[in-house]
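Colleague: My structure is below; once you've seen it, I'll send some questions.
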Amino acid sequence: MTITTAHGTGTAFHEGLVHAYSANNYHPLPVVVARAEGAWVTDVEGRRFLDCLAGYSALNFGHGHPALVAAAHEQLDRVTLTSRAFGNDQLGPFCAELSALLGTQMVLPMNTGAEAVESGLKVARKWGYEVKGVPVNRARIVVAGGGFHGRTTTIVGFSTDPDARGGFGPFTPGFDIVAYGDTAALRAAITPDTVAVLIEPVQGEAGVVVPPAGYLAAVREICTADHVLFVADEVQSGLGRTGHLLASRGAGVEADVYLLGKALGGGIMPLSAVIASRDVLGVLQPGQHGSTFGGNPLACAVGRAVVRLMSDDGPGGMLAMARARGAVLAERLGALVGHGVDAVRCVGLWAGVDIDPRLGSGRDVSEALAERGVLVKDTHGSTIRFSPPLVITHAEIAMAVDALRQVLAELR
Ligand code: PLP
């Protein structure tokens, strides 16, 4: 058989191939990236764009961070995959260093964010049966409406987004959905069979929705009182995005289980993790859970370099950068409210911007911004999200917000 190699250049050529041969499950902006460095990407036409999405926070440290690339290169030449049938010399140090960074006891390494969530749900159910004493097959887990936790069949089964769940049933039972931010609803949903509450400390995909003050503390209190695990999905909010190691801790709250992904792999490897105490993660025994790629040495080597970056909590570290630059982003975006922007929600270097729907959709604004060299992505309806790499400069933030101001002025 002869395989014909596709030859061509240019945006239309690449979009044509994707349209013809890739499943049609995305509607990307018309930008085909060929190279990237720091906060900037260059497309196949040679145009440069400021990346204000950063792989939905997977690229918190920017494209090609030298320390992360060096760690990956070094590990590539040594060993990349062993499976968990054997040990490898990166897994133990990665788990120990990540546990030390977060002040917890155990790590279950997986690959994608959805896998971390699935694994967290399995662990919570097993904990419910073995530690809490819930009768077999009765475990329930409370989740929040408007949340986003990934795309597996179990996870979309408790999504409230019709696009995410429509056509994929039947779904896994055992989930109760309550309104995000509603403490009374949460309290009412807890039963003796409830084993966990799974929430995002800030709802990312929903448009950077920050819960009312005191909500996360109330979740903690309810979970403690009812012997229920507080599972914080920090896949998008964790590792610096909010100016804190963990968004929950930024709100002064400690969860029982943290789910990390995205930035944990430094934008180089898929790497996610369930992080918890021995009482919780200790319920897993050999053969009960696993993944061929989970804990592979290449991902763990990059993850260790990410942990080193995150350990610097000094003035030059990622957390300080996120806070300082987030303040600039919030101030500049805030000035647009009433000028084509209805509302801005900012936490750390993360912003949800509600565009006045009379001016156009979030998609219209994202396309117009791309034409001006700034990449963001719309989320629901007329909301766009800014989550630039934490290494973006003040001048680049000014450039991005100026571009938005010009786009809004043109649409008016
Ligand atoms: N959890 C949260 C909070 C997310 O934002 C996402 C992805 O956006 C996921 C889980 C799923 O991660 P992945 O796409 O790596 O499966």
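Colleague: Name the one entry in 247, 206, 276, 255 that is assigned by TED's automatic domain parsing to the domain that holds residue 72, under 24 Å from residue 305 (Cβ atoms), of a type in the set (A, V, I, L, M, F, W, C) and within 14 Å of the ligand (Cβ to nearest atom).
Modeller: Only one candidate passes the filter, namely 247.
Colleague: For the range 327-393, which fully contained strands (runs of 3 or more DSSP E) count at least 3 residues that are not assigned by TED's automatic domain parsing to the domain that holds residue 32?
Modeller: Here the list is empty.
Colleague: Within the bounds of the range 183-203, is there any residue that is over 30 Å from residue 60 (Cα atoms) and of a type in the set (Lys, Arg)?
Modeller: Yes, because at least one residue in the range 183-203 is over 30 Å from residue 60 (Cα atoms) and of a type in the set (Lys, Arg).
Colleague: So the check is Cβ under 7 Å with 6+ separation or different chains; which pairs have a first residue in the range 20-38 that's over 25 Å from residue 393 (Cα atoms) and a second one that's surrounded by 10 or more Cβ atoms within 10 Å (Cβ to Cβ)?
Modeller: 30/11; 30/15
Colleague: Can you tell me which residue among 344, 337 is over 22 Å from residue 26 (Cβ atoms) and either among the acidic types (Asp, Glu) or surrounded by 19 or more Cβ atoms within 10 Å (Cβ to Cβ) (or both)?
Modeller: Exactly one residue qualifies, and that residue is 344.
Colleague: Ok, one more. Could you go through the range 184-191 and let me know if any residue there is over 23 Å from residue 383 (Cβ atoms), in contact (Cβ under 8 Å) with a residue 12 or more places away in the chain and either within 20 Å of the chain's Cα centre (by Cα) or within 16 Å of the ligand (Cβ to nearest atom) (or both).
Modeller: Taking every residue of the range 184-191 in turn, none turns out to be over 23 Å from residue 383 (Cβ atoms), in contact (Cβ under 8 Å) with a residue 12 or more places away in the chain and either within 20 Å of the chain's Cα centre (by Cα) or within 16 Å of the ligand (Cβ to nearest atom) (or both).
Colleague: Answer yes or no as to whether residue 270 is of a type outside the set (D, E, K, R) and more than 13 Å from the ligand (Cβ to nearest atom).
Modeller: In short, no.
Colleague: Return the only residue of 139, 116, 71 being in contact (Cβ under 8 Å) with a residue 24 or more places away in the chain and more than 19 Å from residue 279 (Cα to Cα).
Modeller: Testing whether each residue is in contact (Cβ under 8 Å) with a residue 24 or more places away in the chain and more than 19 Å from residue 279 (Cα to Cα) leaves just 71.
Colleague: Inside the range 116-133, can you point out the residues that are buried (at least 24 other Cβ atoms within 10 Å of the Cβ) and not β-branched (Val, Ile, Thr)?
Modeller: If the condition is that a residue be buried (at least 24 other Cβ atoms within 10 Å of the Cβ) and not β-branched (Val, Ile, Thr), then 116, 119, 120, 121, 124, 127, 128 are the ones that fit.
Colleague: From the list 261, 282, 287, exactly one residue is modelled with pLDDT of 95 or more, away from the ligand (no atom under 16 Å from the Cβ) and either under 15 Å from the mean Cα position of the chain (by Cα) or within 18 Å of residue 104 (Cα to Cα) (or both). Which is it?
Modeller: Result of the check over 261, 282, 287: 282.
Colleague: Still on this structure: Within the range 138-168, work out how many residues are under 19 Å from residue 117 (Cα atoms) and either assigned to a loop (DSSP other than H, G, I, E, B) or not assigned by TED's automatic domain parsing to the domain that holds residue 227 (or both).
Modeller: So the answer is 14.
Colleague: Residues in the range 163-172: is at least one more than 12 Å from the ligand (Cβ to nearest atom), touching a residue at least 24 places away in the same chain (Cβ under 8 Å), of a type in the set (Val, Ile, Thr) and within 29 Å of residue 277 (Cβ to Cβ)?
Modeller: no
Colleague: Right, another one. Restricting the range 95-113 to residues that are in contact (Cβ under 8 Å) with a residue 12 or more places away in the chain and in a loop (DSSP other than H, G, I, E, B), which is nearest to the ligand (Cβ to nearest atom)?
Modeller: Per the criteria, the residue is 112.
The values are calculated or read from the model by the stated rules, or taken from the named source; none is laboratory data. Treat the numbers as computed from the prediction; the structure is a model and nothing was measured. When we count neighbours, we look across all protein chains shown, and the Cβ atoms used for this are built from the backbone with ideal geometry, even at glycine.
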